[in-house]
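Take a look at the structure below.
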Ligand SMILES: [Zn+2]
């Protein structure tokens, strides 16, 4: 092979895969009186259609199909050769017609296969009915037993041209980038695929006898197979998914194959029952299983390991978290879960347990006491601890609110004329109760209020000071963000009194804002003066 895949030798095959057209017009192909291609008034009523087919390269007159059967951009058959074609009006410009397709051209036999990936382009020049074909290369590969090389292009400065040189990294799928559009189709058609059947790749290629339905990552499959011919045992040994994951690079860390061996069990480092277990998922769980064996649990008896993995393969993260909190060994964790789980299964149990332990942690329980971390009735204890933690959280929020209460005092005001007053809530529980009483969502604001991210205010009637009436949210730049009564006023309009109060309160807040800024500046000035005094 002198040239690295002689694409021109397969140009006919490539043309066969490109789209074909029949260009048509009503009338005779060869008019009696005028030049080729002219249109005649008298031909308007002709029963013939003048056609040119790019599949059979023939100009002919179709007298069987009615001229009205021909429609621009319709898909149909060439009346001469039967090829599937797109019909195009002959008079319409072909200069905008452009089709690009991707191909992988194969060449070689025996122990050497070369692949050249190309983009082939079809265009029309001037009034030509015959398409113009062009192609350019986007990737090349060379496969030998135990060796797969992908090439990359480098600029040769001295010769001033692009050259191909072997890439050091592992081969990847070809990338048929397109410079003129956003859309990039990375599928490709095989050309001269017989070369594969006549080479060392034939054993893996037999898996896909139908060339129309190739697996995703087909070239990567071939590259992986060339490097590791044992991939064939994977496929034949019921581990097709695992082979596919290797090809796609979906294995992840912590997994190493013993490619030196020719025995599937040895390649995978598993025992016979383990191999049978892996076959249940066509090998899909292999990497997951190996990681489970390495990080969570591995018994001398593989059947035991399998049994634990079957139950806990979804709960690995949870086991790790519980282990981190409690210091328990994974086996003990799993045994406890198996003993105590209910019908919802171990994963559900593990999430509940983890939640329980998190609450215990926030309540500062002794997490080394097994009676606490592995209670007899986790379901009951979980609910108890959850309530306690909630109370504790409310206490924490209330404490924070108390700290901020003094600074918020200037936002409280009474309007004797309207018979209304506004005050801040004092505990988190109060905010939640307000939300419940008025059936709106202020309860969710307790934490933000406690942290000073926003301010919640209670608007009450002087006559009924302890009955929730309206609730307001004031942002940190002193603007009223929300003011709602029962059920967010979905079923009742705000009264005039409330609207007037809102207006007056906003004015009041503007004054508070000004005052606070003044106070701040005064405090700063004082500080500066004190500093100056201390320096003097
Ligand atoms: Zn034809």
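Values in this text are rule-based calculations from the coordinates and carry no lab data. Keep in mind that this is a model prediction, so the values were computed, not measured. Cβ coordinates were reconstructed from backbone atoms using ideal geometry, including for glycine residues, and neighbour counts include every protein chain displayed.
What to note about this one:
- Length gained on full extension, residue 395 to residue 301, computed as 0.36 nm times the residue gap minus the Cα-Cα distance: 28.7 nm.
- Surface/4 of the Cα convex hull for the stretch 237-335, nm²: 6.5 nm²
- Evaluated over the stretch 407-520, the Cα radius of gyration and Dmax, each in Å: 13.6, 43
- Potential lengthening between residue 77 and residue 92 on full extension [0.36 nm per residue; Cα-Cα distance subtracted]: 3.4 nm
- Contact order for the stretch 407-520, expressed relative to its length and based on alpha carbon pairs under 8 Å spaced 6+ residues apart, stands at 21 percent.
- The sum of -39500 (n - 2.57) across all DSSP H runs of n ≥ 4, divided by the residue count of the chain, sets its helix-only mean residue ellipticity at 222 nm to -11500 deg cm²/dmol.
- Three-way shape label, the stretch 296-416, alpha-carbon gyration tensor, a/c 1.5: prolate
- Global form of the stretch 365-429, assessed from the alpha-carbon gyration tensor, a/c cut-off 1.5: oblate
- Estimated FRET transfer efficiency (residue 64, residue 128; beta-carbon r; R0 25 Å; 0.05): 0.40
- For residue 324 and residue 47, a Förster radius of 60 Å and the Cβ-Cβ distance give a FRET efficiency of 0.10, rounded to the nearest 0.05.
- Angle in degrees between helix 286-295 and the longest Cα principal axis of the chain, rounded to the nearest 10: 40 degrees
- Take the convex hull of the alpha carbons in the stretch 460-505; its mean projected area over all directions comes to 3.7 nm².
- Average Cα contact separation per residue, the chain, under 8 Å, 6 or more apart, as relative contact order %: 6 percent
- Pairwise label distance in nanometres, residue 317 with residue 84, each label 7 Å out on the Cα-Cβ vector: 4.5 nm
- Inter-label distance, nm, simple model (7 Å from Cα along the C-beta direction), residue 361/residue 379: 2.6 nm
- A simple spin-label model places the labels of residue 519 and residue 8 9.0 nm from each other, with each point 7 Å out along Cα-to-Cβ.
- With R₀ set to 51 Å, the beta-carbon distance separating residue 495 from residue 405 gives a calculated FRET efficiency near 0.95.
- In terms of its C-alpha gyration tensor, the chain comes out oblate, because a/c is 1.5 or above while a/b does not outweigh b/c.
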